[in-house]
């Protein structure tokens, strides 16, 4: 193990949005040299039962940039300890550990992007693919006074999904939010989008 | 989507994550188990478990996995993929076990029946060398997850 | 025979669809085309002995139907095969632990379509579990996988649009379609759970009937 002459990375923090978790830190600067970083994690179980065990991150063992996508490493809704060290050749820094363990239930959930279209009288919605953790609660209603709101849970991702068969001449509105089952939380609703259906063929 | 082991409800676990975690190491882990004539999670342990029994049984099994199977299973030399899958399974079992609160006033016969099933599993485990038994129990997580899935509301 | 005198068969795996479990393998390296024969054995995890299948002893094809032997889908199995050529034979080549309940592919449902002017009714029949003989009563895969669902994809060839619907029951009526339009339907079974290879149904296309009211309108004007 090389002597720790390199300074340990500082200012570790995690930014998490829509269950995508990014660990960042301040880079260690050695003019003219490329610094590599190693990231490791341990979940609550390891920290309680086998605290000596750390697991190399899936994508950052090593990595060049002062950031690491740890999404594939955080696979349970428990607090995770994270640590980073810098290396330059045989020189390694001390480990720098995230001050507060990270739990994915703190992720920021944003309203999903949706595309509302129609195929003749069929109301169709296409939702962005946010990954297998996400379900979509789609609320839709006919634009008229005292309209009844319908809700449908959609799990298909990235493909157009049939919502409703519409009445000729009517207008329908749709809004959607995400639900992440693993953390039991919703995002806010998106803005509503409306489509109008062509009228029926001219009567006799 | 949640587990419903009789009166015990558990949310916050995506069963698919556990499946995928085990799936990536299934062949590697099961290939280390050379005692193919022994199956720990036999039919007598898991078949026809009533809802009322299920909470007792799953809690006993998960606690055993957390305290005995997983605890000394890993060492620093373990294959990285196995360590990752191990971490996913151990931490999610930890979440489930911590949320299971079987009711105290359930009929004694129910908890006793669950206990007998668990003892079948535990006895078979203890008849093996500890490391072989841990390897076998880890290799049977697909059997355990398949049984747990019967109590999962999609 | 002299064991180990031949290289082992390779790529030994189970191909499993609707619980029809076929063991398949490739000839040993360098022996393609030689008069090699094979012998298969199987093993039930947790039991004591390797078992033989007489119909797969000294065969020259590179597959063996083990559906009967592996029909208890809650059990787990191993299978192994060795190659024999003249007085030499290979060591056994063995599969990993095969778990039919988790690993079988779910075949597509049977799809029946009927149309009228503005609607298509879709009737789905769940895929059937493999059975030993035609006389045996059929078991639907839905009886094994109660959370079996279908992904129905509908493609409007006129508007060039596609949309899908996830259904659990066996009938789906698409109404308010465009008359005299060719629609193509594709249906895929799926079971939430472990990653399974999916087999979509054959694409079927039907044309909705001409709109009788506009035809009538033309006559009257």
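Every number here is computed from the coordinates shown, using simple stated rules; none is lab data. Every value quoted in this text rests on a predicted model; they were computed, and no experiment measured them. When we count neighbours, we look across all protein chains shown, and the Cβ atoms used for this are built from the backbone with ideal geometry, even at glycine.
Structure above, values below:
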{"read-out": "Spin-label proximity, residue A:5 to the range A:86-104 - amide N less than 16 Å from point 7 Å beyond Cα toward beta carbon", "value": "A:86-94"}
{"read-out": "Prolate/oblate/rounded call for the range C:1-148, Cα gyration tensor, a/c under 1.5 rounded", "value": "prolate"}
{"read-out": "Per-residue mean of C-beta atoms belonging to partner chains within 10 Å, peptide B:32-42", "value": "3"}
{"read-out": "The range C:67-211: relative contact order in percent, alpha carbon pairs under 8 Å with at least 6 residues between", "value": "25 percent"}
{"read-out": "Rounded to 10°, Cα long-axis angle of helix B:80-99 versus longest principal axis of chain B", "value": "10 degrees"}
{"read-out": "Which of C:45, C:78, A:41 has the fewest Cβ neighbours within 10 Å, and the rest in rising order", "value": "C:78, C:45, A:41"}
{"read-out": "Expected 222 nm ellipticity per residue - DSSP helices of 4 or more, -39500 (n - 2.57), all of chain A, to 500", "value": "-500 deg cm²/dmol"}
{"read-out": "Rounded to 5, percent antiparallel among DSSP beta bridges of chain A", "value": "95 percent"}
{"read-out": "For chain B: relative contact order, % (alpha-carbon pairs under 8 angstrom, 6 or more apart)", "value": "47 percent"}
{"read-out": "Helix-only CD estimate at 222 nm, as mean residue ellipticity for chain C, using -39500 (n - 2.57) per DSSP H run (n ≥ 4)", "value": "-1500 deg cm²/dmol"}
{"read-out": "Calculated FRET value between residue B:80 and residue C:168, using beta carbons and R₀ = 35 Å, to 0.05", "value": "0.30"}
{"read-out": "Shape category assigned to the range A:1-115 from the gyration tensor of Cα positions, a/c cut at 1.5", "value": "oblate"}
{"read-out": "Alpha-carbon Debye profile of the range C:1-86, log10 I(q)/I(0) at 0.10, 0.15, 0.23 Å⁻¹", "value": "-0.25, -0.55, -1.14"}
{"read-out": "Average partner coverage of A:165-178, which counts Cβ from other chains inside 10 Å", "value": "1"}
{"read-out": "Relative contact order of the range C:92-152, defined on C-alpha pairs under 8 angstrom at six or more residues apart (%)", "value": "21 percent"}
{"read-out": "Gained length - residue C:31 relative to residue C:87, 0.36 nm times residue gap less alpha-carbon distance", "value": "18.7 nm"}
{"read-out": "Chain B: angle of helix B:108-126 to the longest principal axis, Cα-based, in degrees nearest 10", "value": "10 degrees"}
{"read-out": "Cα long-axis angle, helix B:130-139 against chain B (0 to 90 degrees, to the nearest 10)", "value": "70 degrees"}
{"read-out": "Inter-label distance for residue C:24 and residue B:101, nm, one decimal - labels placed 7 Å from Cα along Cα-to-Cβ", "value": "5.3 nm"}
{"read-out": "Rule-of-thumb Rg ratio for chain A [Cα; 2.2 N^0.38 Å; N residues]", "value": "1.46"}
{"read-out": "Highest average packing first - C:10-22, C:96-108, Cβ atoms within 10 Å", "value": "C:96-108, C:10-22"}
{"read-out": "Choice from B:68, B:24, B:36 with maximal GNM fluctuation in chain B (Cα, 10 Å cutoff)", "value": "B:36"}
{"read-out": "Separation in nanometres of the label points that stand 7 Å from Cα toward Cβ, at residue C:68 and residue B:37", "value": "2.7 nm"}
{"read-out": "Shape category assigned to chain B from the gyration tensor of Cα positions, a/c cut at 1.5", "value": "oblate"}
{"read-out": "Size-normalised alpha-carbon gyration radius of the protein assembly as shown, reference 2.2 N^0.38 Å", "value": "1.16"}
{"read-out": "Where labels lie 7 Å past Cα in the beta-carbon direction, separation of residue C:176 and residue A:153 in nm", "value": "2.6 nm"}
{"read-out": "Value of [θ]222 nm, deg cm²/dmol, for chain B, DSSP H segments ≥ 4, -39500 (n - 2.57) each, nearest 500", "value": "-18000 deg cm²/dmol"}
{"read-out": "Square roots of five times the Cα gyration tensor eigenvalues for the range B:74-154, Å", "value": "27, 19, 12"}
{"read-out": "Kirkwood Rh and Cα Rg combined as Rg/Rh, the range C:85-221", "value": "1.21"}
